[in-house]
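Structure first, then comments.
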C-alpha cells in the first residue's frame, strides 16, 4: 500500500472514530450519522442510491437504515409511482440533530485544514475529487462482480 493511501486511511479512520465517540451521547454509532446527514441532504433518497453515495454495500446500509428507523430518526414512504420503492426521509427528531452533526463537520474541517492557505485548500479539494472519481470507477467495477488484476 502506498504512503498516500495509508495517510488517507488514517485520516478517514481517525475522523470516523472521533465522530462515533462524540455521537454516542445522541445514540448514533457505526457511522449512522453519515447516513442520517445524507438522507437529510437528499430527502426521498432510496437505499440503493444511499449505498452508492456513501460507497457501502446495500446490506450494510439496510441494517443501519433499520436501526435509524427503529430510533425514529428516519421514516420510509412508499413511492406513489412505484409501490416497491421506499423513499427515505428524516423525522423532526433527526432534523433537530442535524444542526449538531453539521457543527461537528464544520469544526472537524476547520481543525483538519488548520494551517493550509486558501490556495492549498482549493488544490487539495481538486486533487481529492480526482482521486474520488478514480475510486468511484474502481468501486463500480468491483461492485459489478469484476475482479481487479494486479
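None of the figures in this text is laboratory data; all of them are computed from the coordinates on show. Worth saying up front: this structure is predicted, and the values here are computed from it rather than measured. Heads up, the Cβs are rebuilt from the backbone with ideal geometry, glycines too, and the neighbour counts pull from every protein chain shown.
As a test of the formula, what do you get for the chain when each DSSP H run with n ≥ 4 contributes -39,500 (n - 2.57) and the sum is divided by the residue count, at 222 nm and rounded to the nearest 500 deg cm²/dmol?
On the way: 6 runs with 98 residues, N = 150.
Helix-only estimate at 222 nm: -21500 deg cm²/dmol.
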- Item | Gaussian network model of the chain, springs between alpha carbon atoms under 10 Å - residue of 42, 82, 134 with greatest fluctuation | 82
- Note on the structure: Of 71, 109, 22, the most mobile residue in a GNM of the chain (C-alpha springs, cutoff 10 Å) is 109
- Item | Inter-probe distance in nm under a simple model that places probes 7 Å from Cα toward Cβ, at residue 71 and residue 31 | 1.5
- Could you list log10 I(q)/I(0) for region 4-68 at q = 0.22 Å⁻¹, which the Debye formula gives when each Cα is one point scatterer? -0.97
- Note on the structure: With the convex hull built on the alpha-carbon atoms of region 65-150, volume per residue in Å³ sits at 199
